[in-house]
Every structure is written in C-alpha cells, then in structure tokens.
Amino acid sequence: MRDTIARCETTAHAEGLAAGLTQALAAARDGFSPPGRVAALPADRVPPGAAAVRNRLAEREGIGCFVWPGREAERPHHVRPGHETERPHHDGASDDTTTEFAVLLGAVRLGATRRLLEHAVTHLSGRTVGGEPTLRKQLVLGTVADVMTGVEAARHALLTGASVPDAVADTHERLTELDWETTKLLGASGYLADGPARTAHVSRLLADCWVAAPGGTP
Amino acid sequence: MTELDAPLRELRGMCREAARDLRTRALAVDADPADVERHLDSPTLTLIRVASTPKRFRADGSVDDGGYSGSCLARVIAGVELARGDAGLICANTGPSLAGVAVDALGSEAQQEAFYDAIADGRTWTFFGMTEPDRGSDATAMETRLEAAPDPADGMLLTGAKRYVGNASRGRIGVVFARTGRTALSVRGAVVRIPAAGYEATPLDMIGLRGARICAIDLNGVRVPREDVLGAHLPASRRGLWGIGRTFNVMRTQIASMALGVALAARDLVREERPGWSGHERVSARLDAALALLHDAAVQVDHDPDARRPPSVAKLHITDLAVRTTRWAAHALGPGAMLEHPLLEKWCRDVAAFEFMDGTSNIQRLHITHDVATRATAPRPSAGRVTTPTADRVTAPQGAA
C-alpha cells in the first residue's frame, strides 16, 4: 500500500489530478463505490451511459462528474431515513474497498496540494512588498511552514490510518484546509480559473463525492 | 450590541424579500456572466441601483428604498440580506458600486454630479481600479502613473496596468488610482470615461463570483481631463492614501456583509433540506454573533470613518467563518452535496472571492495590529506610568500637512 500511495502522490504532483486519479483507479480493488449518489472520475473513465452532472471547473481539469449507475432514483443522503438499518448498503464508510479508494484519492490530493504549494512559493519569490521578497514576510513563511508540516502529517496519516474510515475522512478535511491556506497566499491570482487554485476546488469536489465527512454526515 | 431601529428593520425585511429574485437568476449569471443585460430590469437590481445612489442624484424618485440611509450600517444590513440571495448578481449590477464610494469620499460636488449623471440611465456599469499585477493592493507601491500630458490642453495621462477589476470590460465610467509623484500623498483617484484611447479591459476567467466580470486593464496614455482627478478640493493630506483608507473602511464592511450573506444562504439551505434537524445550532449561533460584530463595526465606521481596526476585524473573521460555513453545509448535506446542489457548489466558489477583495487576511491582520506594532517600537514609558491603547485610526501619511 505504501508504494501505491507514493505512486499516486507522485503522479498527481507531476501530472495533475486526472493523471493521479487514473493511477489510483489502476491500483484500486474492484467493488468500490461512492458513499453518495454522485461520483467524479477522469473524464475517460466515466461509465458509458451514466447521467452526467455538469461542472465547468471539473471538466477543465479532465474530470467527469456523473450519477453512479443504478443510483439515479435514490434520494440524496441527507433525506434518507435516519435509522442505520434502513440506509442503503453503500451508505456509510464501512465498505473496505471504498475506504481504500479514499486513501488513494487522499494521496492524489496530497500530490496536488504539494504542486499548489510549490506554485505559491514560486509566485511569492517573484513579488516584493516594501522592497523585500513577499516570501520572506513572517506571516507568509509561517503559512508555508504550516502547509509543509501539514503535508507531511497528512502523508503519514494516510499510511497509518488507512483502515480507519474516520481517520481517512479527517485527512481529506485537512487537505482541503491546507489547499485553502495555500490558495490565500496567491492573492487574487489564487482565484483565477485557469490557475492551480482550480485544481484545489476540483480536488475538494472529488473528496466531497468519494469521502463521507469526518464522523459521518452531521 | 447594535439595536436596529424600525427603519433599519424595515430595510432588512425589504432586502430579504428582494433577495428571492436574485436567487432565481444566480445560476444563469454564473453560467454566462456576459449575459447580464436581461437581468438589469429586475426589481431587485433596480432597487439596489437606486438605493446605492445618493438621494440627491437619483433619477428615479419613485423607487421605495425602504428608508435606506446610505450609512455604513444600512449598507451592511442590505448587503447581508441581498447576498443571501446572490452575491454574484449584486456584483453584476450596473450603478455606482465601489467607484461611487470613491467618488462620494474624494469627489467634489461637481465631480459627484458628473459621475452620477453619467450612470443615471441605469444601464451603465462602473469600475474601480486599484490592484496592480505586480503590486497587488499595496497602494504605497503603486506603479500606475497619472502625469501631465505634453500638451496642457490634454490634461493628464494615465499609464500602467490594473488587475482584478470588476465590470471593467463593460463599464463606461470608473475610478482608477494612480501615482502623480513619488510620495504617499501622490496617489490620486481619476475618473476614467470609456471608450477612451489607450484603455483596454479583458475579462479574466475566475473561479467564482463570476457576475462581477473581473478584468485586467491596460492603460496606455489614457487621457484624463484635470477636472476628473478626484480630491483637488481637499487638503493635500486628504487627497491620496488617507482618502483611500477611508474608502476601504467602508468597503471592508461591505465585503464582510456579502461573505456573511453567502454563509447564511448556505446555512439556510441546510435548514431547508433538513427540517427539524438541530445540528445547525452551533453554526447559526456563530453566524448570529458575526452579524452582531458586523453591525457594531459598521456603527464604528459611521461614527469614525478613520477607524481601521473594526472593519478589518469584521472582514478577517467573517470571510473565514463564511468559508468554513460552506464546508460545514456540504458535510451536513452528505456525500456528493456539492454536485447535488449547484447553488451550494457556486457558494463554495463565490465565498472564496471575499478573501481576495480589498486585502487578504494577512493584510487585515496587519491593519488590526497596526497600532500594536507601532507601540512596540515606541520608547518605553517611564516606570509607574500607565499607558492607554491608542485608537487605531487611519492616519495621514508622514509628511502630511
């Protein structure tokens, strides 16, 4: 698992989300499915005939969103009966194969997070405030250090917590937070749809589809 | 805590009702921000346009503005409720917008009259150019120049570049800030009328808040008549950064109000989708507290337009809370919620915009601690003396008269 996780991270870091996700699919065991009704995969891996859910930014990232075949008539997660036994079998994070896929997706997202951070560092190295490189400002360096630390912590959490669905979900939540903290460093350029912040948004969309919230839906 | 009087409560109710109209148009404008013209006659956009125009310049006196006073408090009350409908539509609207705030703060009576006359048709977008590609919103490092033309009859020439300027590609009048010299006092606002030779605005593809039609502007010797340079009637210390600082204090509360409106919209969606569920209560309590904080900040700006800390505290806290609230909403609605609820996905994108408007969180942190930092470098008080914190206010730049 360690090598697989590393490959997913490396691929996403070098080639982007869709390539990393393709790597994750190649390593995933059969039988995984999203915890909800909808899913997102590399555009060329969307099942033929699946009902598409259009998303402009995901499409530009090479990701297709769709209703998981066979779940077209299901009600959204939050309006299902509250009693556990009345929930569909796929609901919740007890499905091992789905949790494993969530771990691989976490590695993919981690690669994208590193890519975003490197872009931010390069961006800030080339800018100055008061004649000093922006990167040297303590507030900025503090965030860079926090994100670097968070990346290492997330990688280890994926390895050690791979069998604990809630731990995996928690790592995804922390990756979303790290991406946002990094995006803020980019200033308004972090809001451009043709920049790396788009990847951060789509990365979050992927987690939203494939990973139940930490502790389950509140 | 600020108690709202009857007119303000009426305004809030009116805006809350009007926001429904914005909601129905939100996804269409997000999908195609160039196609806004057909929405301009909506009663809500008309109301916003009229209410944000000072009463003495309103062309249409028949529109009931619900007692809108133009105070900072009234602005944030309206901003919260309208953004609860859709912040993108607010930013897509024609009318004075941020340029109007700058003209109100820095313009002479004649300049204000000319500006509002130019947008009286209700079909004119305005723009506000401050941020620069290499310097961000650091006004002290601004590179765009406003210089005398070789022929005095041509007035001044504007040269440089601006980035992340809303509605600049479709605006016909706006305010662009530029440097007339090297000192902090030399940053001035100029009214720019479009079309103008040397002016080129290109829409940028943004993650969200797409109705704002955010653009890059290139300025190559754009001619500005001297009478269109703002602030000539003001003392030298008030024409430049000092005047901008005041403008920003109002803007930051407005941006915070829109962020809070989006957060409330996300919370409202959760409550609608999960009726009877009490899991929203902690989030709702935080949003209520943020609203109270915002009202207090607005009142402080109304009482002291130079107060810098309250609006920065409001913006810093509320933009962060709003981002977290949209995340919570996605979790509360279950896996796949962002794709199942296009408005939620849109709000998750829109809410990030407020972080980048008029200073990121780090810039707000510097504003908030400005007086603390100043105190830290001041001589130590002698033993036994008690010092009191100085009010953190926008002060005239060094060397000001």
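Read the figures in this text as sums done on the coordinates, not as results from a lab. Owing to the predicted nature of the structure, the values given are computational and were not obtained by experimental measurement. Using ideal geometry, Cβ is built from the backbone for each residue, glycine included, and neighbour counts are taken over all protein chains shown.
Summary of computed values
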{"item": "Computed helical MRE - 222 nm, chain B, DSSP H runs ≥ 4 contributing -39500 (n - 2.57), nearest 500", "result": "-16000 deg cm²/dmol"}
{"item": "Structure-based [θ]222 nm, chain A - -39500 (n - 2.57) summed over DSSP H runs of at least 4, per residue, nearest 500", "result": "-18500 deg cm²/dmol"}
{"item": "Other-chain or far-sequence residues with amide H under 5 Å of B:Val187's (modelled H)", "result": "B:Thr180, B:Leu241"}
{"item": "Peptide B:338-345 - average C-beta neighbours from other chains (10 Å radius)", "result": "6"}
{"item": "Peptides ranked, highest mean first, by Cβ atoms within 10 Å: ranges B:125-131, A:211-217, A:163-169", "result": "B:125-131, A:211-217, A:163-169"}
{"item": "Ranking of B:Ile217, B:Ile244, B:Ile368 by count of other Cβ atoms within 10 Å, fewest first", "result": "B:Ile368, B:Ile244, B:Ile217"}
{"item": "Ranking of B:Ser169, B:Ser284 by count of other Cβ atoms within 10 Å, fewest first", "result": "B:Ser284, B:Ser169"}
{"item": "Theoretical FRET efficiency, 1/(1+(r/R0)^6), r = Cβ-Cβ of A:Thr128 and A:Glu74, R0 51 Å, to 0.05", "result": "0.40"}
{"item": "Computed label-point distance, nm, for sites B:Ala149 and A:Asp44 using a 7 Å Cα→Cβ extension", "result": "5.7"}
{"item": "Test item: A:200-208 mean partner chain Cβ contacts at 10 Å", "result": "4"}
{"item": "Rounded if a/c under 1.5, otherwise prolate or oblate - region B:1-129, Cα gyration tensor axes", "result": "oblate"}
{"item": "Per-residue mean of C-beta atoms belonging to partner chains within 10 Å, peptide B:155-168", "result": "1"}
{"item": "Inter-label distance, nm, simple model (7 Å from Cα along the C-beta direction), B:Arg226/A:Ala27", "result": "7.0"}
{"item": "Rg and Dmax of region B:241-376, Cα atoms only, in Å", "result": "16.3, 52"}
{"item": "Label-point separation, B:Val372 to B:Asp218 (7 Å along Cα→Cβ), nm", "result": "4.4"}
{"item": "Equivalent ellipsoid, the protein assembly as shown (semi-axes from 5 times Cα gyration tensor eigenvalues, Å)", "result": "43, 27, 24"}
{"item": "Table column - 3J(HN,Hα) (Hz), region A:26-32, Karplus curve with 6.51, -1.76, 1.60, x for Gly and Pro", "result": "5, 8, 6, 6, 5, x, 6"}
{"item": "Principal axis dimensions, largest first and in whole angstrom, of region B:85-237 by Cα", "result": "45, 34, 29"}
{"item": "Beta bridge orientation in the protein assembly as shown: antiparallel %, DSSP, nearest 5", "result": "85"}
{"item": "Computed FRET value (nearest 0.05) for B:Asp117 with A:Ala6, which takes r as the C-beta separation and R₀ as 41 Å", "result": "0.05"}
{"item": "Residues of type lysines that A:Lys137 reaches as a straight line, Cα spacing below 21 Å, ignoring anything fewer than 8 places off in the same chain", "result": "A:Lys184"}
{"item": "D (Stokes-Einstein, µm²/s), Kirkwood Cα radius, region A:2-210, 1.306 mPa s at 10 °C", "result": "89"}
{"item": "Percent breakdown of C-alpha pair distances by 10 Å bin, ordered from the shortest bin, for region B:167-297", "result": "10, 26, 27, 19, 12, 5, 0"}
{"item": "D (Stokes-Einstein, µm²/s), Kirkwood Cα radius, chain B, 1.002 mPa s at 20 °C", "result": "98"}
{"item": "Inter-centroid distance (Cα atoms) of region B:161-196 relative to region B:265-310, Å", "result": "33"}
